[in-house]
1. Got at least one residue in the stretch 34-46 being touching a Gly at 6+ places or on another chain (Cβ under 9 Å), of a type in the set (A, V, I, L, M, F, W, C) and either at pLDDT below 95 or surrounded by 15 or more Cβ atoms within 10 Å (Cβ to Cβ) (or both)?
2. Restricting attention to the stretch 113-157, and to residues there that are in contact with a helix residue (DSSP H, G or I) (Cβ under 7 Å, 6 or more places away or on another chain) and polar (S, T, N, Q), which single residue is surrounded by the most Cβ atoms within 10 Å (Cβ to Cβ)?
3. What are the pairs, 6+ residues apart or on separate chains, where a residue within the stretch 183-202 that is under 13 Å from Gln136 (Cα atoms) has its Cβ under 6 Å from a residue that is part of a strand (DSSP E or B) and more than 16 Å from the ligand (Cβ to nearest atom)?
4. Do we have any residue at all in the stretch 190-197 that's closer than 21 Å to Val130 by Cα and hydroxyl-bearing (Ser, Thr, Tyr)?
5. Return the residues of the stretch 53-71 that are within 20 Å of the chain's Cα centre (by Cα) and either assigned to a helix (DSSP H, G or I) or modelled with pLDDT of 95 or more (or both); say none if nothing qualifies.
6. List pairs: first in the stretch 1-30 and of a type in the set (A, V, I, L, M), second at pLDDT below 95, Cβ under 7 Å, 6+ apart or cross-chain?
7. Residue by residue through the stretch 95-105, note down the ones that are crowded, with 16+ Cβ neighbours inside 10 Å and either under 16 Å from the mean Cα position of the chain (by Cα) or not aromatic (Phe, Trp, Tyr) (or both).
8. Cβ contacts < 8 Å: first residue without any contact (Cβ under 8 Å) to a residue 24 or more places away in the chain, restricted to the stretch 97-123; second residue buried (at least 18 other Cβ atoms within 10 Å of the Cβ), any location; separation 6+ or different chain. Result?
Amino acid sequence: MRYHPEMSPTPISTVTFDAGNTLLFCDPSPAEIYAVALSRHGRRVTAGEVEPVFAAAWSDFQERTPTGIDRYNSRPGGEKQWWGAFLREVLSRLEHEADWQPLLEELYAAFSNPQVWKVFPETLATLEGVHRRGLQMAVISNWDRRLPEILDGLGLTGWFQTIVVSAIVGIEKPAPGIFMRALERLDVRPEETLHVGDSPLEDYEGSTAVGMTPVLVDRPGSFAGNGYRRVGSLDEVFNFLG
Ligand SMILES: [Mg+2]
């Protein structure tokens, strides 16, 4: 937005964060976790074999649900069945013979464990710094119902006034509704809110559309020169807080 001298910009009172690959990441990687579990249930596979298959199945599954619709409730049985269908897709693409049901139980438990989720080195200092400036914070995430437990396990819950999870509110980013839900709960206007996330569509475009100020977390520098307001690390958000 171009600066108009007659308009004084609204000071930022609130910072909302995406969760996955913004505040936290999966370590070992999902492909490694899948490879270990699959190998226990049949033919040995490496993370290197699983990785491209996992990524392709993920993006195909993403396309099957219209943008903004909560994928995890898009089929009977909810998120567990969504993950079951996803797993069957991965197994079939790998031509892997494992029995999917016990494997699903094992994988579902593995990803529920906060220990496979790690915060980025600068996550805590950033949350602390934003808090010290007297701003409120929230999470707005496309995730299944397990996110609050994971955030709890990582000791992050206390930083946030609210945690808005797509599978719980029934709507996904980039749909305006999920951002509006957060703004209502926080009792703030979009103009006073900075949204920080790593997805150009879900986070950047989604938050822009409701009038929030977007910041793209681009750790690998993949989006340089594309006109995004970008940070290479979370602690650079202070540059946008005045
Ligand atoms: Mg993300």
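The values are calculated or read from the model by the stated rules, or taken from the named source; none is laboratory data. Everything numeric here is computed off the predicted structure, so don't read it as measured data. So basically every Cβ, Gly included, is an ideal-geometry build from the backbone, and we count neighbours across all protein chains shown.
1. Yes: one or more hits.
2. Ser141
3. Cβ pairs passing all conditions: Arg185/Thr162; Leu186/Thr14; Val188/Thr14; Thr193/Thr14; Leu194/Thr213.
4. Looking through the stretch 190-197, at least one residue is closer than 21 Å to Val130 by Cα and hydroxyl-bearing (Ser, Thr, Tyr).
5. Within the stretch 53-71, Phe54, Ala55, Ala56, Ala57, Trp58, Ser59, Asp60, Phe61, Gln62, Glu63, Arg64, Arg71 meet the criteria.
6. Ile12/Leu241; Ile12/Gly242
7. Answer for the stretch 95-105, where residues must be crowded, with 16+ Cβ neighbours inside 10 Å and either under 16 Å from the mean Cα position of the chain (by Cα) or not aromatic (Phe, Trp, Tyr) (or both): His96, Ala98, Leu103, Leu104.
8. Going by the 8 Å Cβ cut-off, the qualifying pairs are Trp100/Gly84; Trp100/Leu87; Trp100/Leu91; Gln101/Gly84.
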